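The values are calculated or read from the model by the stated rules, or taken from the named source; none is laboratory data. A quick note: this is a predicted structure, and the numbers were derived from the prediction, not measured. With ideal geometry, Cβ positions are generated from the backbone for all residues, glycine too; neighbour counts draw on all protein chains shown.
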Amino acid sequence: MQREDCFYFGKVIKTHGILGGISIRIDADQPEVYKQLTMIFIEINKKLIPYFIQSLNINSNKAYVKLQDVDTIEKALELAGNEIFLPLELLPKLSGNRFYFHEVPGYKVIDESFGLIGNIETVLEYPNQAVFQIYKENKEVLIPIHDDVILKVDRRSKTIHIKAPDGLIALYLNS
């Protein structure tokens, strides 16, 4: 399994108990969706290593996990601090104006006043705000990803319709 075929699920934060259990922090809006997991991939030395799950107990955004063949605290300690990934096909399907950041690069962005801005290059995640990065006329345009800005996501035509804050697009293109 390659990293580009996966999404970040969480991180092993510490050991749990003395028989090789681990405690993980889950980075998901609805952690309970994953209560039937049978396998996870843990990144070790830049490689994704599959681990089969013997038991999994999810409590909010934390989980206590017992992995097959990890039967001592020493083996569990070796996993602490490592990131956990899952295959993309395990992501719940989203509808309406909700989307995953990895799925929108290449989508066209159309502003209700300005018209076609361009295609999303990538999504930049800043601490307080994620933004679409778009290039128009060789100038970078950053559009905030916010419910007040995004009017419609059309997956069929790969288009996102927005209402950018007044003057935002002109600010980028006239500088």
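At-a-glance table
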| read-out | value |
| --- | --- |
| Any hit, region 42-61, residues being more than 13 Å from Leu86 (Cα to Cα), of a type in the set (Gly, Ala, Ser) and buried (at least 16 other Cβ atoms within 10 Å of the Cβ) | no |
| Residues satisfying the stated conditions in region 100-109, i.e. closer than 18 Å to Pro144 by Cβ and either in contact (Cβ under 8 Å) with a residue 60 or more places away in the chain or in contact with a Leu (Cβ under 8 Å, 6 or more places away or on another chain) (or both) | Tyr100, Lys108, Val109 |
| Per-region count, region 1-27, residues in a strand (DSSP E or B) and either in contact with a helix residue (DSSP H, G or I) (Cβ under 8 Å, 6 or more places away or on another chain) or modelled with pLDDT of 95 or more (or both) | 16 |
| Region 110-134: number of residues that are farther than 13 Å from Tyr100 by Cα and surrounded by fewer than 14 Cβ atoms within 10 Å (Cβ to Cβ) | 8 |
| Residue within region 29-39 that is of a type in the set (Val, Ile, Thr) and surrounded by 15 or more Cβ atoms within 10 Å (Cβ to Cβ) present | no |
| Qualifying strands (runs of 3 or more DSSP E) (wholly inside region 106-157; at least 2 residues being of a type in the set (Phe, Trp, Tyr) and in contact with a Pro (Cβ under 9 Å, 6 or more places away or on another chain)) | none |
| Checking Arg3 against (1) more than 22 Å from Tyr100 (Cα to Cα); (2) in contact (Cβ under 8 Å) with a residue 24 or more places away in the chain; (3) surrounded by fewer than 18 Cβ atoms within 10 Å (Cβ to Cβ), the condition it does not meet | (1) |
| Set Ile13, Ile24: member being touching a Lys or Arg at 6+ places or on another chain (Cβ under 8 Å), surrounded by fewer than 17 Cβ atoms within 10 Å (Cβ to Cβ), under 13 Å from Leu79 (Cβ atoms) and assigned by TED's automatic domain parsing to the domain that holds Thr72 | Ile13 |
| When residues of region 1-24 are limited to those that are of a type in the set (S, T, N, Q) and closer than 12 Å to Val65 by Cα, the one nearest to the chain's Cα centre (by Cα) | Ser23 |
